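Down below is the structure, laid out as structure tokens.
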Amino acid sequence: MMKFSVCIATYNRKDSLQRTLQSLFTQDFPLDQFEIVIVDDGSTDGTAEFLRTLQAPCTRQVLHQPNRGQAAAQNAAIRAAQGDLILLLDDDILCERDLLRQHVESHSEGKASLVFGSILVAEESPDTLAAEWTRVSTAQAMSRLESNRPTWPFDAITDANCSIPRASLLACGGLDESFHAGSNARSNADLGLRLWKHGVHFCYAPSAVVRQIYFKSSEQLVRDDAKWYGRNEVLLSRKHPQYRPHSPLASLGKGSFAKRFLRTASATSPISPDLFLRGPYWFLERLRSIPGARRAGVRLLQTRMALSGYRSIAREFGPWDALLGEFGRRLPVLLYHHVGPGRQDTYPELTVSPGKFERQMDWLARHGYVCIRPADWLAWCREGKSLPPKPVLLTFDDAYADLIEYAFPVLRRHGFGAAVYVVTGQIGGTNVWDQAAGSGVHHLMNAEQIREWAQHGIEFGAHTRSHPDLTQLSGDALAAEIRGSREDLERILEHPPSSFVYPFGYQNDCVRAAVEQYFDLAFTVEEGLNDLSTNLFELRRTMVRPDDSIQRFSSRVRFGWPPLLHVRSRLRIRSRVKQAWRSLRFAHS
């Protein structure tokens, strides 16, 4: 059996295919150890005639089929291949003389692996902004891979210049032909995600280099590639829900109101904004020899491609509001501590009065907000489950017993869910961590109360065992606080809690890594809204304060923080800096 099968799908690229084949015929690899399998996907430029007369120094197979797309052609080549290893190539690739040898040497013994190398833009490619965009994108990817191992999902892709055992490809079912078969159709990403899921080891081989003769024009990228990329990105995200937070579609929920409005208007307007961008782009294309104009042109090309993708998505999968519901939801998370009567001996900034809390919940209900639970957000992020149009999440740190009397009945009346975070070493006890700092005593919920309210729409999560600053712990002590709180709650709830809150909001890389071992998501005290792309272990919350007016409360819900309060805080900081500067100047005068 042959060692290597080089599979090439081709369509109307006779001239570049000739050069690709010539670069394969001169490989420093034994000619009897590889074959070339070419599938002509219905070409009309004389490719079929060329292939009939092709003289090859190695074994070759040539198959012809009606035009069914690149995925179908690649599948036909894979099925016909006789080699143990498959190398996927495109018909515009120039191979370095040692390409096959580099791939074979990179495959580990006895372990199914996918080896992929670099795809550079060939020097003889036309000097265009489209080629420059490709060159820049490639350089960024190579720079990342030089210092990091291949990461999911960014490197889980079966592009040209990747090799893999044929058995692995067949076991995964090959490429999904329901994706549009044009370039960047995302069928290669779909196959990569499936292979990664099946345990195939991805390996970057920087010495396995090919060069692409890049012929595509900017208009082809905007008109064709970006359009089909957008359509298939939706299909890819639906087929692989765990990929959703990493998809470009996750950006639908990002940005200011102005940016999101412009994105929506651009995607849904009867007239494409690209009509107004072509003129400036034409101008920059002709000034591309100037570095600044070249960079601006590449950025404008990216904008045009994004607009084309969004408009394609809106036309095929609209209405736009439904797409925003699927990929663009924004979640405010409100942070409460104690809801109940104020007490002079406790921290006043942690207490919201029952009357104010009830008015805030009434405001949410009147304005169409629905209080969800962390599990609902997790299911939307990871599985694409539906969310209400205006979701909001209420979180209560420390599990004060007063919640049962003053907060939960209000939530129940409105049909609202919420999440309560328990310091499990003090279940049924008191807030000893605050008392050590001079606060008065607050009683905490006991195990029976936790079990009861878990049956009434309240989700319980972990807040460590003793409420320490986790950044000051390491090793067994850190694990005991995090894993121990999970185990404590699991014994009470009879299922593991999914979410965690960092005490005082303090966390770092080490703490997050420990939390990720035992939980599905975690909350900080950083303010702002959350969207599909927000790290599930750095979810943002805004703390509701006892002096919040309804206007300030509404700002927390709509923006994730009160803008006016934020501006005042910034102004106070600037004033203090100016005063310090004046004092410093006075001292030296």
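Our coupling estimate for region 327-343, obtained by passing each phi through the Karplus curve with A = 6.51, B = -1.76, C = 1.60 and θ = phi - 60°, is 10, x, 5, 10, 10, x, 10, 9, 9, 10, 10, 9, 10, x, x, x, 9 Hz, Gly and Pro reported as x. Taking the centroid of alpha carbons for each part, region 320-360 and region 409-453 are 16 Å apart. With a/c under 1.5 counting as rounded, go ahead and sort region 84-158 into rounded, prolate or oblate using the C-alpha gyration tensor (a ≥ b ≥ c being the square roots of the eigenvalues; past the cut-off, prolate if a/b is larger than b/c, else oblate). It comes out oblate by the Cα gyration axes. In summary, the lysines within cross-link reach of Lys390, defined as a Cα separation below 20 angstrom excluding same-chain residues under 8 places away, comprise Lys254, Lys259.
Between 0 and 90 degrees, the angle of helix 550-559 with respect to the longest Cα principal axis of the chain falls at about 20 degrees.
3J(HN,Hα) along region 64-78: 10, 8, x, 5, 10, x, 5, 4, 5, 5, 5, 4, 4, 5, 5 Hz, from the Karplus curve 6.51 cos²θ - 1.76 cosθ + 1.60 with θ = phi - 60°, whole Hz, x for Gly and Pro.
Segment Leu378..Gln65, full-extension length gain: 108.2 nm, with 0.36 nm per residue of separation and the alpha-carbon distance subtracted.
How much of the calculated P(r) for the chain lies past 40 Å, in percent of all Cα pairs? Value for the chain (Cα pairs over 40 Å): 42 percent. The slack in the chain from Ser178 to Phe257, taken as 0.36 nm per residue of separation less the alpha-carbon distance, amounts to 24.9 nm. Placing +1 on the Cβ of every Lys and Arg and -1 on the Cβ of every Asp and Glu, with no other charges, gives the chain a dipole of roughly 2340 debye about its Cα centre. Normalised by 2.2 N^0.38 Å, with N the number of residues, the alpha-carbon radius of gyration of region 101-218 equals 1.10.
At a probe radius of 1.4 angstrom, the accessible area of the chain per residue rounds to 46 square angstrom.
Rounded to the nearest 20, the Cβ-based charge dipole of region 279-325 about its Cα centre (Lys and Arg +1, Asp and Glu -1) stands at 340 debye.
Between region 527-553 and region 167-242, the alpha-carbon centres lie 37 Å apart. Couplings 3J(HN,Hα) for region 519-528, derived from phi with the Karplus relation 6.51 cos²θ - 1.76 cosθ + 1.60 (θ = phi - 60°), are 9, 9, 7, 8, 10, 9, 10, 6, 7, x Hz, where x marks Gly and Pro. Summing +1 for each Lys or Arg and -1 for each Asp or Glu among the other residues whose beta-carbon sits under 14 angstrom from that of Trp380 gives +3.
Projecting the Cα atoms of Leu284, Gly340, Leu324 onto the charge dipole of region 256-346 (Cβ charges, centred on the Cα centre) puts Leu284 farthest toward the positive pole. For region 177-286, what does the relative contact order come out to in percent, with C-alpha contacts under 8 Å and a separation of six or more? Computed over region 177-286, the figure is 26 percent.
What the Kirkwood sum gives for region 260-378 is a hydrodynamic radius of 19.1 Å, with every pair of different alpha carbons counted.
The Cα atoms of region 176-279 define a convex hull whose projected area, averaged across directions, is 9.6 nm². Counting protein heavy atoms only, the chain has 52 percent of its accessible area on carbon and sulfur, 1.4 angstrom probe.
What the Cβ-Cβ distance of Arg97 and Ser439 gives, at R0 = 56 Å and to the nearest 0.05, is a FRET efficiency of 0.15. Put simply, the amide H of His443, placed in the peptide plane, has neighbours under 5 Å in Ala401, leaving out anything fewer than 5 places away on its chain. Among the chymotrypsin sites (Phe, Trp or Tyr not before Pro) within region 104-167, those in coil by DSSP and having at most 16 neighbouring Cβ atoms inside 10 Å are Phe154.
Other residues whose C-beta falls under 10 angstrom from the C-beta of Thr158 contribute a net charge of -1, scoring Lys and Arg +1 and Asp and Glu -1.
Within the same chain, lysines fewer than 8 places from Lys3 are excluded, and of the rest, those with a Cα less than 25 Å from its Cα are Lys111. Report the label-to-label distance for Arg413 and Asp547 in nanometres (one decimal), using points 7 Å from each Cα along the Cα→Cβ vector. Label-label distance for Arg413 and Asp547, simple model: 2.8 nm. Placing a pseudo-label 7 Å from each Cα along the Cα-to-Cβ vector at Phe317 and Ile290 gives an inter-label distance of 3.9 nm. Listed by chain and number, the aspartates and glutamates placed with their C-alpha closer than 17 angstrom to that of Lys385 are Asp321, Glu326, Asp376, Asp520, Asp531; residues fewer than eight positions away on the same chain are left out.
Computed over region 1-124, the P(r) curve from all C-alpha pair distances, binned at 10 Å from the origin, holds 13, 46, 34, 7, 0 percent per bin.
Spin-label model, Glu494/Ser147: points 7 Å from Cα along the beta carbon direction are separated by 5.1 nm. Rounded to the nearest 500, the 222 nm mean residue ellipticity of the chain from helices alone is -13500 deg cm²/dmol, with -39,500 (n - 2.57) taken per DSSP H run of at least 4 residues.
Once the GluC sites (Glu not before Pro) in DSSP loops with at most 13 neighbouring Cβ atoms within 10 Å are cut out of the chain, the longest remaining piece is 125-493. Taking Trp433, Trp282, Trp363 and ordering them by how much accessible surface each has at a 1.4 Å probe, largest first, produces Trp282, Trp433, Trp363. Electrostatic tally near Glu349: other residues with Cβ closer than 10 Å to its Cβ, Lys and Arg +1, Asp and Glu -1, net 0.
The values are calculated or read from the model by the stated rules, or taken from the named source; none is laboratory data. On a predicted model such as this, the values are computed, not experimentally measured, just so you know. Neighbour counts are summed over all protein chains in view; Cβ atoms, including those assigned to glycine, are modelled from backbone coordinates with ideal geometry. Note: areas computed on protein heavy atoms with side chains; ligands, DNA, RNA excluded. Shrake-Rupley method; radii C 1.70, N 1.55, O 1.52, S 1.80 Å.
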